[in-house]
Structure formats: structure tokens, C-alpha cells
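Heads up: the structure comes next, in C-alpha cells.
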There are 2 protein chains.
Amino acid sequence: MAGRSKTKEKILRTALGLFNNEGESAVSSVDIASVIGISPGNLYYHYKGKDEIIVELFADFEEEIRQVLSSPINEPLKLEDNWVYLYIIFEEIFDFRFFYKNQSELIDRIPNLRSKFARILSLKEQTAFSLLSALEDQGHLQFDEGEKAALAGRIAQHFTFWLQYHDLRHGTAPPKSLIDKGVFMTLIQITPYWTNGEGYAELLKDFVSEKV
Amino acid sequence: MAGRSKTKEKILRTALGLFNNEGESAVSSVDIASVIGISPGNLYYHYKGKDEIIVELFADFEEEIRQVLSSPINEPLKLEDNWVYLYIIFEEIFDFRFFYKNQSELIDRIPNLRSKFARILSLKEQTAFSLLSALEDQGHLQFDEGEKAALAGRIAQHFTFWLQYHDLRHGTAPPKSLIDKGVFMTLIQITPYWTNGEGYAELLKDFVSEKV
């Protein structure tokens, strides 16, 4: 982000790596300082504690994910671009995955994250709805009443809980291949609404043979 | 549960109500004692702190949800019993909803809950798979390769995150009517795999007219 000193940037990148890999609750600001090789006092000069770092990381995440999520609302995707686009969303979330492990705890602790998180969720639903509407307008998908909004909500939920589910179910750090699985589990939810199996089945097959 | 003193039972019921309504992190064991009208020392005589209470509440939850989840694995449901059965699962989760707001935090804090939680998740997937298989065997549902397992996984995820999603999205306490919405959002996921629209559409319509 513009106007940040090199030290601030380094603190943020280091904190993000540690939070993602070791879990936010296991990492203190002293740990962050010691990994960078600066004194805790020096770190404190830049950020008054861990929560300030988290808020600034969230601002970075929000800026990036907003750009990604807004793009198909502004301009519909071509059919073949859908899965690449989903991949980008999952990758973006994966890059800031520590937010997605403990959302509820973080927003209880840092209350001003709550409304920001809710806004991103709402944007995810709008984006999913736009994707589905574009495919419907192009004649690829067909929905009964209420199904499109319900599916858009499910896709937004899937973006939000896909990492946490892995953690609760398996208790291991998410491998990068979980991104492919996330995309696949999104596509397979859309399949049954496809009007003509072929184009979409091809898309899914391409994706599976390449990725899963 | 058998063999519990009246005071223990009272402590557990009070704690459950407070955790559910005010959030587990906002309630201390001193709060629990003061609501019951006993001294903190008396409470401590029965439970050595809040986490012991949580572990025992989890044991209650586990016993109840296991019974519910195992029943259709042992014996397939009749078609018309499916939505009532889903309602029972959602209600059971709602009754212990504080577990579902902050799962990740709780299992980080109380490590022996982790494997128990993972086992319940796995059982949820098996149950959903059994429900779908029974409907498939009866000729009501039809799946392409991989779709049944994927849908079972999604239903298990939906059981698990439905309350948390409401919290993140709306930031309000979940109303009891959220149970109906949870059931509806489960049924509408199954609709597209229905072979003959009528029976199922009727089921869904009955449910909607009665509940939503």
C-alpha cells in the first residue's frame, strides 16, 4: 500500500507469514520482531501491538478481494474464464488464510472488523449472484424460483468456510492443493443447473484433468 | 446424564443458557455462580473452572447428536420423514449453539475437543450420505459420479456453519426461525437431483407453506 515505510511493509509481510503458518493466536508481537531481527521497542514504534498489525493486514486483504470480487459485477465473464476466476478468489483467501480460521474470535476481539467482514460476505454473495446470472443470461443455467439466490448464498458460504472446514475435519495445515478442491466443490454445485450438459461438463472435465 | 448431582445439573443448564445467549467468551464462572445464587467457591467445588463445564456440556451434546445422526444410518427414513429429521438435527445444534459460534477457538483452547468435533463432523457426512443413498435407492434421486459425496459434504458443512454464517453476515443473535431456514437451505440443495419433480416439490412446498 502506498506511503508505507520499508520496515512497516516488512513487519506486515512477516506477520502474515507467521499468522498463516502458525496460527494467529500462537504468534506474539515479540515473535514477529525477533523473526525480523528488530527490537520489540522498534516494532512498537511502528505498530502498537498485534491488533494494529491485523487491522492493517485486513485493509490490504479488503482492497485486494474487493477488486477481485467486483470485476464480474462490472463486466460479465466469458464462460471459459469462470474457473480461472474462481481460482483467483480461492487463492486470494488462501493468501490471507489466518483470517478465515478464527473469524468469530477476531471480530469479537477487534470489533471494527465485524462490519468490514460482513461487507465482504455481502459482496461475495453479489458476485456469486452475478456469475450465475451471466451464465443464466447466456442460456447455460436454468433455475427454479429461489434457487439462484440460494446457490449464490451457498457459494459465498463455501468461500468463507472452506478452510475452516478442512481445519475442523482434518486438523492439518491446509495444503495449497486445497485451492483446487475449493474450486471443484464450487463447480460441482453449479453442474445440476446446467441446461445442456456438454459445455459445462467439458469445462469441469478440463478442470479435473488439469488440477484434481 | 446419570449420576450427576442436582447442583451440577443446575450449573450446566445455567452455563449453557448464558453461553448461548451472551457468548461463551463474555461469561465467567463467577457470572454462572452469581446467576444460580451460589458462591464461586461452591461452584469451584463442582467444576474447576469454565473449561471443565464446557467439556461436560460437550459430552451431553455429543451423546445427543450421535443418537440423532446415527438413526438413519441404522435404518433408512421414509420420504416424508426427511424434513422432520433435518429439523431435529438443526434444533439439536441450535440448543448447543455456542459451540458453533467459535469452534476453532474452543478447540485451540481445549485440545481434547478437537478429535471429538472431527468425529461428529465425519458422522454428519456419513449421515447425509446415508440419507441421500436411501433416497437414491428408492428412485427419488439421481447423481453423476462424485456428486453424492460432494453433496453429503456440503450438507455436513451447512450443519456446521449455518449459525456462524448468520453471525458473520448479520451480527445478530440467531432467531429460532433460523432453524427453518437451515432446513429449507438443505432441501433446496437436494432438489436439482430429484428424478421426478413432483414428490419432492410437494415436500418442499409443504415445508415452505408450513414453516418459511
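The values are calculated or read from the model by the stated rules, or taken from the named source; none is laboratory data. Remember, predicted model here, so these are calculated numbers, not experimental data. Virtual Cβ from ideal backbone geometry, glycine too; neighbours counted across all protein chains shown.
List of remarks:
- Pair list, Cβ under 8 Å, 6 or more apart: the stretch B:13-35 residue within 14 Å of another protein chain (Cβ to nearest Cβ), other residue small (Gly, Ala, Ser) and part of a helix (DSSP H, G or I): B:Val27/B:Ala15
- Those helices (runs of 4 or more DSSP H) lying entirely in the stretch A:29-126 with at least 2 residues closer than 20 Å to A:Phe161 by Cβ and under 20 Å from the mean Cα position of the chain (by Cα): A:50-74, A:82-95, A:98-101, A:103-109
- Scan of the stretch B:116-150 for residues that are facing chain A (nearest Cβ under 8 Å), touching a Lys or Arg at 6+ places or on another chain (Cβ under 8 Å) and aliphatic (A, V, I, L, M), ordered by number: B:Ala118, B:Leu121
- Total residues in the stretch A:101-115 satisfying the condition of being within 8 Å of chain B (Cβ to nearest Cβ), basic (Lys, Arg) and free of Cβ contacts under 8 Å to residues at least 60 places away in the same chain: the figure is 1.
- Among the candidates B:Arg4, B:Arg114, residue that is in contact with a Gly (Cβ under 7 Å, 6 or more places away or on another chain), at pLDDT below 95 and farther than 26 Å from B:Met185 by Cα: B:Arg114
- Tally, over the stretch A:161-176, of residues that are more than 7 Å from every other protein chain (Cβ to nearest Cβ) and closer than 25 Å to A:Leu123 by Cα: 5
Quick grid of which residues meet (1) at pLDDT 90 or above; (2) more than 22 Å from B:Asp180 (Cβ to Cβ); (3) not assigned by TED's automatic domain parsing to the domain that holds B:His166:
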| position | (1), (2), (3) |
| --- | --- |
| B:Lys10 | yes, yes, yes |
| B:Thr14 | yes, yes, yes |
| B:Asp31 | yes, yes, yes |
| B:Phe61 | yes, no, no |
| B:Ile73 | no, yes, no |
| B:Asp81 | no, no, no |
| B:Ile89 | yes, no, no |
| B:Phe98 | yes, no, no |
| B:Ser104 | no, yes, no |
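- Out of B:Gly199, B:Gly182, sole residue that is of a type in the set (Gly, Ala, Ser), part of a helix (DSSP H, G or I), surrounded by 20 or more Cβ atoms within 10 Å (Cβ to Cβ) and at pLDDT below 95: B:Gly182
- B:Ile120 fulfils the conditions (1) surrounded by 15 or more Cβ atoms within 10 Å (Cβ to Cβ); (2) free of Cβ contacts under 8 Å to residues at least 40 places away in the same chain; (3) under 25 Å from B:Asp180 (Cα atoms) except for a single criterion, (2).
- Note on the stretch B:151-160: residues that are within 14 Å of the chain's Cα centre (by Cα) and more than 8 Å from chain A (Cβ to nearest Cβ) amount to 3.
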